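Below is one structure; the comments refer to it alone.
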Amino acid sequence: MGPAFGQAGYFQKQSPERIPHAIDRFSAEAARVMGVFDSLLSRTEFAAGSEFTIADIAHFGWIWRREFAGVNLTDYPNVGRWYKAIEARDGVRRAIERVNKLIS
């Protein structure tokens with residue numbers, strides 16, 4: 001997820017030059033990766049199966065900041081379900097609060 005989301009966000013928002021091909025390419029790749037993840041989550045509760053793991057933490061970080069890449073959850077219902085479940089975890093909520101304090 002990281003490379004696709006990072007590149008999509010960079011070319012959409014930070015590149016000193018607007019490069020339509022790069023924007024289209026990495027936006028499409030971010031959408032493709034989300035589609036793959038959504039398909040996986042249609043069969044499993046978490047990213048690596050039936051238990052919460054570091055894979056969920058890694059993916060959550062990118063999806064939490066999905067606006068940077070221009071991604072929304074509307075077209076990915078299974079990712080939306082997973083995201084809400086991860087976001088509701090006490091440790092995740094505490095981590096989000098700490099990060100938000102750092103950036104505000």
Give the range 63-92 a look and list any residue that's within 12 Å of Phe46 (Cα to Cα), aliphatic (A, V, I, L, M) and either without any contact (Cβ under 8 Å) to a residue 24 or more places away in the chain or out of contact with any helix residue (DSSP H, G or I) (no Cβ under 7 Å at 6 or more places or on another chain) (or both), or say none.
Ala85
Please work out which one of (1) assigned to a helix (DSSP H, G or I); (2) among the hydrophobic types (A, V, I, L, M, F, W, C); (3) out of contact with any helix residue (DSSP H, G or I) (no Cβ under 7 Å at 6 or more places or on another chain); (4) touching a residue at least 24 places away in the same chain (Cβ under 8 Å) is the condition Phe52 fails and give its number.
(1)
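Residues are listed down the side, and each one gets a yes or a no for (1) touching a Lys or Arg at 6+ places or on another chain (Cβ under 9 Å); (2) part of a loop (DSSP other than H, G, I, E, B); (3) among the charged types (D, E, K, R):
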{"position": "Val33", "(1), (2), (3)": "no, no, no"}
{"position": "Phe60", "(1), (2), (3)": "no, no, no"}
{"position": "Asn72", "(1), (2), (3)": "yes, yes, no"}
{"position": "Arg81", "(1), (2), (3)": "no, no, yes"}
{"position": "Val92", "(1), (2), (3)": "no, no, no"}
Taking the stated definitions as given, is Ala47 more than 13 Å from Phe68 (Cβ to Cβ), among the small types (Gly, Ala, Ser) and touching a residue at least 24 places away in the same chain (Cβ under 8 Å)?
yes
Enumeration of residues in the range 60-77 that are farther than 12 Å from Ala30 by Cβ and buried (at least 17 other Cβ atoms within 10 Å of the Cβ)
Phe60, Leu73
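Each value in this text was obtained by applying a stated rule to the coordinates, not by laboratory testing. These numbers were taken from a predicted model, which means no experiment stands behind them. Please note: Cβ atoms are built from the backbone with ideal geometry, for glycine as well, and neighbour counts cover all protein chains shown.
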